[in-house]
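Participant: The structure is given below, and queries will be raised subsequently.
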Amino acid sequence: MLGHSGVYKGFRKPRRFDNNLTVIGAGSAGLVSSYIAAAVKARVTLIEKHRMGGDCLNTGCVPSKALIRSAKMAHYMKRADEFGLENVQADVNFTAVMERVQSVIKQVEPHDSVERYTGLGVNCVTGEARLVSPWEIEVDGQRISSRNIIIASGGRPFVPPLPGVDQITHYTSDTLWDIREKPQKLLVVGGGPIGCELTQAFTRLGVNVTLLDHGPRLLHREDPDVSLEVMSQFRKDGVDLKLKHGTRSFHKDGDKQWLVAEHEGQTVDIDFDAVLFATGRKANTGSLGLEALGLETTERGTIAVNEYLQTRFPNIYACGDVAGPYQFTHAAAHQAWYASVNALFGRFRKFKVDYSVMPWCTFTDPEVARVGLNETEAKEQGVPYEITRYGIDDLDRAIADEEARGFIKVLTRPGSDKILGCTIVGYHAGELITEYITAMKHGLGMNKILGTIHIYPTLSESNKFAAGEWKRAHAPEGLLKWVKKYHDWMRR
């Protein structure tokens, strides 16, 4: 169905186009698509109805990491005695912390600004885009024609339609950044990456946080031992974890607000001042005019695309959160390369989007970084594997930094040093994982990592030591017996 020219029947193709490419949405996927098109001298228009930079800059990656950094500093001050420091005290000015978050956004903002992209050769248009034909987009009454179109309209947080939800004080990762007064009791619903990151940050900034999830553990996409490591730290931080709790209804009576939850067949009332929903995201497709063109969506609500990121119309592409399957800024940028290159040069050669080495990181403390398969997925998919594990608590630099915890877990093909996946739990795991990403991308195995000089004392040595653990487990025992005999003989 996808890619058949018959889908254009009933639509009139313009004799000439305003643009080679028009991009809807100025988040990560849209910005990268526009940047590439301008770099290869195509005429490109970028349409954004809200703010340049999308979720990542304004409500996602940038503000959350700024918040986490402030929370980390507050946590270190509480641990000052571990570093031989006395009489260290810090009072959290919650308003100042949230203002700092906005300051960080302002500092990063020029990187994604209209001025920068106009200077690069992109025609930036502000307004709401609606598809009116496979080659035409209407923006506030103005029609723009384009030989190719990329839909990169992103996604938004999902708020479950529970009874009473409209009566209570609630936030999402979109609306959270406007608050300036510290909530006394915050209920976070959802134990995925966003819920976990924000739970720990607010806890360390002095907020009384309850984290609720319907599952038996946090970060359910990761292996159980990974979840346990994070949950252990959360409990040390003072997070009230409520697992295996289902949400039923919200209630408000005067100043009192509470959730009625279900736990092991019993109803439980949970009080709060505010709720933060971290219950997933929905693709932004509502105002695009997809129905008029017959553009299909998946069961997840994302736009259906083929392996080249084309919709049912070969000249209309989709990438980023609106297309899935991943909801990472770096995944959106990765897809954008394929979408833009295929759109502009697909008549000569098209590229299938490659998800074979897709990494991610949850920026809790400890961080959780992963690339490729973990144990759970390998078992589910029937992929044979061997496990190599190295405890970071044994690493000199981690000990010196008072961060001696966590582990590296590598899956390799049995009888081979080929890396199938790696999970790192620990201090700066998101940085350490890069060596394994590079190795997997370029077909390098554990022997190559072991044979690479790593600076002492650094955290990256843990990667080499993990490779050393693999080597010890795969030592040629038969050969070593003969080598021992040789050394015994040489002592005669």
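The values are calculated or read from the model by the stated rules, or taken from the named source; none is laboratory data. Keep in mind that this is a model prediction, so the values were computed, not measured. Cβ atoms come from the backbone with ideal geometry, glycine included; neighbour counts cover every protein chain shown. Calculation scope for accessible area: heavy atoms of the full protein, side chains included, ligands and nucleic acids excluded. Shrake-Rupley method; radii C 1.70, N 1.55, O 1.52, S 1.80 Å.
Participant: Count the net charge of all other residues whose Cβ sits under 9 Å from the Cβ of Ile137, scoring Lys and Arg as +1 and Asp and Glu as -1.
Facilitator: My count for the surroundings of Ile137 gives 0.
Participant: Any chance you could list the semi-axes, whole Å, largest first, of the equivalent ellipsoid that the Cα gyration tensor gives for the range 206-324, using √(5λ)? Show your work: numbers first, answer last.
Facilitator: Details: eigenvalues 289, 82, 33 Å².
Gyration-tensor ellipsoid for the range 206-324: 38, 20, 13 Å.
Participant: Additional query: Any chance you could list the semi-axes, whole Å, largest first, of the equivalent ellipsoid that the Cα gyration tensor gives for the chain, using √(5λ)?
Facilitator: 41, 34, 22
Participant: So what's the projected area for the range 31-157, the Cα convex hull averaged over all directions, in nm²?
Facilitator: For the Cα atoms of the range 31-157, the hull's average projected area reads 10.9 nm².
Participant: Could you state the per residue volume, in Å³, of the convex hull enclosing the Cα atoms of the range 109-221?
Facilitator: On the way: hull volume 24.5 nm³, N = 113.
Cα-based convex hull of the range 109-221, divided per residue, equals 217 Å³.
Participant: What order do you get for 298-304, 28-34 when each peptide is scored by the mean count of other beta carbon atoms within 10 Å, highest first?
Facilitator: Per-residue Cβ counts within 10 Å, averaged per peptide and sorted highest first, yield 28-34, 298-304.
Participant: Additional query: Between the range 451-478 and the range 1-79, what is the separation of their alpha carbon centroids in Å?
Facilitator: When both Cα centres are located, 40 Å separates them.
Participant: By Kyte-Doolittle mean hydropathy of at least -0.5 and Cα axial length of at least 27 Å, which whole DSSP H helices of the chain are selected?
Facilitator: Within the chain not a single helix satisfies the rule.
Participant: Right, here's the next one. Before anything else, pin down the relative contact order of the chain: Cα pairs under 8 Å, at least 6 apart, normalised by residue count, whole percent.
Facilitator: Result for the chain is 15 percent.
Participant: Treat the range 287-434 as a sphere of radius equal to its Kirkwood radius over Cα pairs and apply Stokes-Einstein at 20 °C in a medium of 1.002 mPa s; give the translational diffusion coefficient in µm²/s, rounded to a whole number.
Facilitator: In µm²/s, the coefficient rounds to 120.
Participant: Quick one: go through the range 121-148 and flag any residue whose amide nitrogen is under 19 Å from the point 7 Å out along the Cα-to-Cβ line of Arg15.
Facilitator: The answer is 135-136, 143-147, whose backbone nitrogens lie closer than 19 Å to the label point.
Participant: Between Val88 and Phe345, what is 0.36 nm times their sequence separation minus the Cα-Cα distance? Round to one decimal in nm.
Facilitator: My answer for the length gained is 86.5 nm.
Participant: When ranked by the protection proxy of mean other Cβ atoms within 10 Å per residue, highest first, what sequence do the peptides 331-338, 359-366, 289-296 form?
Facilitator: 331-338, 359-366, 289-296
Participant: Please list 470-478, 434-442 highest first by mean number of surrounding beta-carbon atoms within 10 Å per residue. Don't skip to the answer; put the middle values down first.
Facilitator: Working: 470-478: 12.0, 434-442: 17.8.
Put in order of decreasing packing, that is 434-442, 470-478.
Participant: Quick one: check the C-alpha center-to-center distance for the range 306-338 versus the range 214-292, whole angstrom.
Facilitator: Computed from Cα coordinates, the inter-centre distance equals 29 Å.
Participant: Ok, one more. For the chain, what does -39500 (n - 2.57) per DSSP helix run (n ≥ 4), summed and divided by total residues, give at 222 nm, in deg cm²/dmol to the nearest 500? The partial results should precede the final answer.
Facilitator: Details: 16 runs with 160 residues, N = 492.
Only helices count here, giving -9500 deg cm²/dmol.
Participant: Hey, another quick one. In what order, largest first, do Asp271, Asp140 sit by accessible area if the probe radius is 1.4 Å?
Facilitator: Putting Asp271, Asp140 in descending order of accessible area: Asp140, Asp271.
Participant: If you take every DSSP beta bridge whose two residues both sit in the chain, what share of them, in percent to the nearest 5, is antiparallel? Could the numbers behind the result be given before it?
Facilitator: On the way: 50 of 81 bridges.
DSSP beta bridges in the chain are roughly 60 percent antiparallel.
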